[in-house]
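First up is the structure itself, then whatever we jot down about it.
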Amino acid sequence: MDTKISINGAIKIVQADADTPMLWVLRDDLKMTGTKFGCGMALCGACTIHLDGAPARSCVTTLSAVGDKAVTTIEGGSGPIFEAVKKAWVDVDVVQCGYCQPGQLMAATALLANNKTPTDQQIDQAMSGNLCRCGTYQRVRLAIHAASKSIAIG
Amino acid sequence: MKKRTFLLTAIAATGALIVGWGVMPARQRLMGSSPLPLTKGDIALNGWIKLSPDGSVGLIMPRSEMGQGTHTGLAMLVAEELDCSMSQIRILPAPIDKIYGNVAGLAEGVPFRPEDQGAVARTTRWTMVKVMREMGFMMTGGSASIKDLWFPLREAAAMTKASLVNAIALNWKVAPANVKVSEGIFSAEGGKKISYGDAVTKFGAQLKPADKYELKSAAAFTVIGKPLKRLESGEKVSGKAAFGIDAVVPGMVYAAVKMAPQLRGKSTQIDASSAEKMRGVKKVLQFTGSQDATGGVAVIAEHYWLAKKALEAVKITWDVSETNSLSTAQGMNAMKAALDADTGFGFYKAGDVDAAMSSAASRIKAEYAAPNLAHAPLEPMNCTVEFKDGKATVWVATQVPDFARNAAAKVLGIEPEAVTINVAYLGGGFGRRLEIDVIAAAASIAKQMPGQAVQMIWSREEDMKHDFYRPAAVSRFEAGLDSKGEVVAWRNVSAGQNIVPQYMARNAGLPMGGPDKTSSEGAFDQAYEFPNVRVGHTAVDLSTPIGFWRGVGHSHQAFFKESFIDECAVAAKSDPYEYRMNLLKNHPRHRAVLELAATKAGWALPLAPTTDGIKKARGIALHESFGSIIVQVAEVSVTKEGSIKVHRVVCAVDCGLAVNPNLIAQQMESAVVFGLSAALYGRIDIEKGVVQQSNYHDYPILRFNETPTVETHIVPSSLPPEGIGEPGLPPIAPAVGNALFALTGKRLRNLPLTLV
């Protein structure tokens, strides 16, 4: 059965079962491997994508649940907020192994799109679902503040 | 010491230039040489640097990047001695060859204290280095990449530059000393200029190896020592960086696996009648676990989700006999019984501990314990194997490409040379990816699907329940104190499984006898000046599959030792910082690290409570591992409900010459968070051979909102670089435990730390 989904601004047609998590539709059916598998239970956030701009854990979001919503993945992130976040990540030198980082970036971008000047507590709330085994948390926080400043300067 | 012979060749076809040297004569290369990819028709070289006409500098990279920054650090060594720009460097995959073996990391396995310069210690170390160079195991581990390649890479680069300088100088009719190199450009008076790329094009074919070359002195460094940003950051931030699980091969199919719930178990019978009929399913099969690993069932399907669904429909009968009596409680009892019966192998003895103990003014005793731990890297275990026409290609995130190759070859019944290993970025290693069980399993599965690449992915649950765990340990201490409270006698015996014999047998096919230094490291090899001391370890034989976990023996021994030292300081009514300084009167290097940490942490100053008025206290811990000395001061508070909150960790580091202070700070931040997860939450419980934990909800790791701020301060040093990936981990558990004692008066002697 063919299902149409909107991914990064383009319509894709997939044959996956309706109950297939979007994580596997992306990685497996579409070979878009930027979104990562970490736990399969929405505990780690490595699979974070955007649905109509809001963060979602693709490992527990089925193909059928997506419907007409616009899916954005790390591969398709664009716009001034996304660019500011990526630049801050590089400037602060956040990444270590990098596996959790697509999820971190997607969560951070969604946070800043909603709230350009988050407090530390708001950052905690938005980012606590993203695990990092390498311990990059304090640099993620610094990078979010840095991105926030550069977005403000515009 | 055999002088390295440098061999140099030009590749006419592509114009690229390979530089390398032969460490051993060809007859000693038991694994055989494989040429670098682009040396078509030329002398097969195992080299380190490839220069191209376009100006790019290829660094043949034999170490895996798992977040520790090895690609960047090693590139800096090359950029320094070549005087090229970092932007010219390209990281290229290394073929499997013994010259890429990890010598420094493995040679550390001798059971001698770092400061032991006696004849036996020196001879054993020298022999071990020779043996490890002969073995040439390509292994990323032991916090040894920079230490191991500090001279070899710099020499290769320096000789390359000197060779080009000679050719250019000849052409320009100037003395070689008058040719300057900077940012990839050679220049001389009179406006003469040529880039690396153009020099390769012009002079590559007739280049002669320089018989004289110099390594820069530290004073001349322009790259080494700078906090340069990580090379692969952009790739990882864009989502383009390929980890093992991201391998995409045309026609690839997927395998979902379920292994026996009991460690070392296997399936005996399956009913795949329903599963086989499900959409996309290609095959259902049983596979045997490699040595110490666990066997199970695999479903191969066109898509991973289809494989996973079909797996649920397979009826499996398990053989539970191997470990059905294995439990955490049984292990603990066995270790305590071993300590009751035996004082174990004595790793360090000095003076007369029995006499000094019996005549001491007072004595204190304590027993400490630590559980098994899982690695739980964020990228779950996976491996892709294509077995076609008697050859195999493997895509995997591994720390041991040569062991991986051997494992695949063995399973597939072909020669290792018929296997190509493609090493990806690792989504965390921490020692888990030193094991070949995952490759062996994938090869077993792919063998039944010849002609097609099969990507085997383990679920998080399968990963958590089929690890090679950090061994559990129990340790008993007794200290005899004099009337001033100073230690006159120190007796310590630990008990637990030995890692090295298990590890080497299953991964290298080598039986290893003798004492396993890693079982007592962190206990016997520390610098405290005890006049009478005995430190031993008694090996306990349990069936838990164990392996190397970040920090290895140091990961638990540091908690035991630094907590007990604190107990001695408390008994002596002494400040814990002063007490340690007093035990290191003859160790200026250790004292300098302690002093730096205490100063930066404001140890002597009062500590303000939290913004909510909750009291905070500090704990200090010092530990030496992998050649580096780290001191950490942790600021800790406890909530009304008894939850432990770590606010700030100040790290002082002496890791020899600091190649990249930014990478060093990243590793301190990393090790503190990794170690704190273990200190506060980490435990693996085994019942009837079944690991109870399964995912990040019951094996929690530290979250964003629980992370302390970590500050890193580096002691300047001109000694050669030492390790940095692991040394930041051992001190954090005791620093927090010691802070908790200062705060609550409760001495916690078991991990994970809990007050409830």
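Taking a sphere under 15 Å around the Cβ of B:V756 and counting the other residues whose Cβ falls inside, with K and R at +1 and D and E at -1, yields a net charge of +3. Compared with the direct C-alpha span, the chain from B:F151 to B:K192 gains 11.6 nm at full extension, assuming 0.36 nm per residue. Treating each Cα of the protein assembly as shown as an identical point scatterer and summing with the Debye formula, the log10 of I(q)/I(0) at q = 0.05, 0.08 Å⁻¹ comes to -0.29, -0.76.
Summed over both chains, the accessible area lost when A and B associate is about 4700 Å², using a 1.4 Å probe. Equivalent ellipsoid of chain B: semi-axes from √(5λ) of the C-alpha gyration tensor, largest first, are 42, 37, 23 Å.
Which residues does the label zone of B:K600 cover in the range A:133-154, counting backbone N under 19 Å from a point 7 Å along Cα→Cβ? What the label zone holds, given the 19 Å backbone N cut-off, is A:135-140, A:142.
Where only DSSP H runs of four or more residues are counted, chain B gives -9000 deg cm²/dmol as its mean residue ellipticity at 222 nm, each run worth -39500 (n - 2.57). Looking at the range B:351-420, the accessible area is 36 square angstrom per residue; that uses a 1.4 Å probe and ignores ligands, DNA and RNA.
Residues of the range B:358-379 with an amide N closer than 14 Å to a point placed 7 Å from the Cα of B:S483 along the Cα-to-Cβ direction: B:360-362. Our summary of shape: the Cα atoms of the range A:65-132 have principal axis extents of 36, 26, 25 Å, ordered from largest down, in whole angstrom.
Pairs B:K349/B:K561; B:K277/B:K447; B:K573/B:K746; B:K282/B:K447; B:K173/B:K208: which are spaced more than 19 Å apart, C-alpha to C-alpha? Don't skip to the answer; put the middle values down first.
On the way: B:K349/B:K561 16 Å; B:K277/B:K447 22 Å; B:K573/B:K746 16 Å; B:K282/B:K447 14 Å; B:K173/B:K208 17 Å.
Over 19 Å apart, Cα to Cα: B:K277/B:K447.
When the pairs A:K86/B:K236; A:K36/B:K236; A:K69/B:K309; A:K31/B:K315; A:K87/B:K236 are compared against a 21 Å limit on Cα-Cα distance, A:K69/B:K309; A:K31/B:K315 fall above it.
With r defined as the distance between the Cβ atoms of B:I614 and B:T709 and R0 fixed at 25 Å, what FRET efficiency is calculated, to the nearest 0.05?
Numbers: r = 17 Å, r/R0 = 0.69.
For R0 = 25 Å, the calculated efficiency reads 0.90.
The alpha-carbon of B:K240 sits under 12 angstrom from the alpha-carbons of these aspartates and glutamates, leaving out residues fewer than 8 places away in its chain: A:E75, B:E232. Which value at 222 nm does chain A reach when only helices count, each DSSP H run of 4 or more adding -39,500 (n - 2.57), with the total divided by all residues and rounded to the nearest 500 deg cm²/dmol? Taken over chain A, the calculation gives -11000 deg cm²/dmol. Note on B:K240/B:A218: beta-carbon distance plugged into 1/(1 + (r/R0)^6) with R0 of 25 Å gives a FRET efficiency of 0.10. Computed extension gain for B:Q291 through B:S718, at 0.36 nm per residue and net of the alpha carbon distance, reaches 149.3 nm. Here the spin labels are modelled as points 7 Å beyond Cα on the Cα-Cβ line, and at B:Q269 and B:Q206 they lie 8.0 nm apart.
Starting from the Cα of A:K69, move 7 Å in the Cα-to-Cβ direction to define the label point; list residues of the range A:1-40 whose amide nitrogen is under 11 Å from there. Counting backbone N atoms under 11 Å from the label point, the list is A:22.
For B:D352 and B:V756, what is the calculated FRET efficiency with R₀ set at 41 Å and r taken between the beta-carbons, to the nearest 0.05? Kindly include the intermediate steps, with their values, before the conclusion.
Values: r = 44 Å, r/R0 = 1.06.
With a Förster radius of 41 Å, E is 0.40.
According to the calculation over all Cα-Cα pairs in the range B:166-265, the P(r) per 10 Å bin from zero is 10, 24, 19, 18, 13, 10, 5, 1 %. In summary, the convex hull built on the alpha carbon positions of the range B:254-330 has an orientation-averaged projected area of 5.3 nm². When restricted to Cα atoms, the range B:710-749 yields an Rg and a Dmax of 14.5, 42 Å, respectively. Over chain A, with a Gaussian network built from C-alpha contacts below 10 Å, which listed residue (A:I144, A:I123, A:I49) shows the highest mean-square fluctuation? Highest fluctuation among the options: A:I123.
The values are calculated or read from the model by the stated rules, or taken from the named source; none is laboratory data. The model shown is predicted, which means the values in this text are computed figures rather than measured ones. Reconstructed Cβ throughout: ideal geometry from the backbone, glycine too, with neighbour counts over all protein chains shown. In case anyone asks, the SASA skips ligands and DNA or RNA and just uses the protein heavy atoms, side chains included. Shrake-Rupley method; radii C 1.70, N 1.55, O 1.52, S 1.80 Å.
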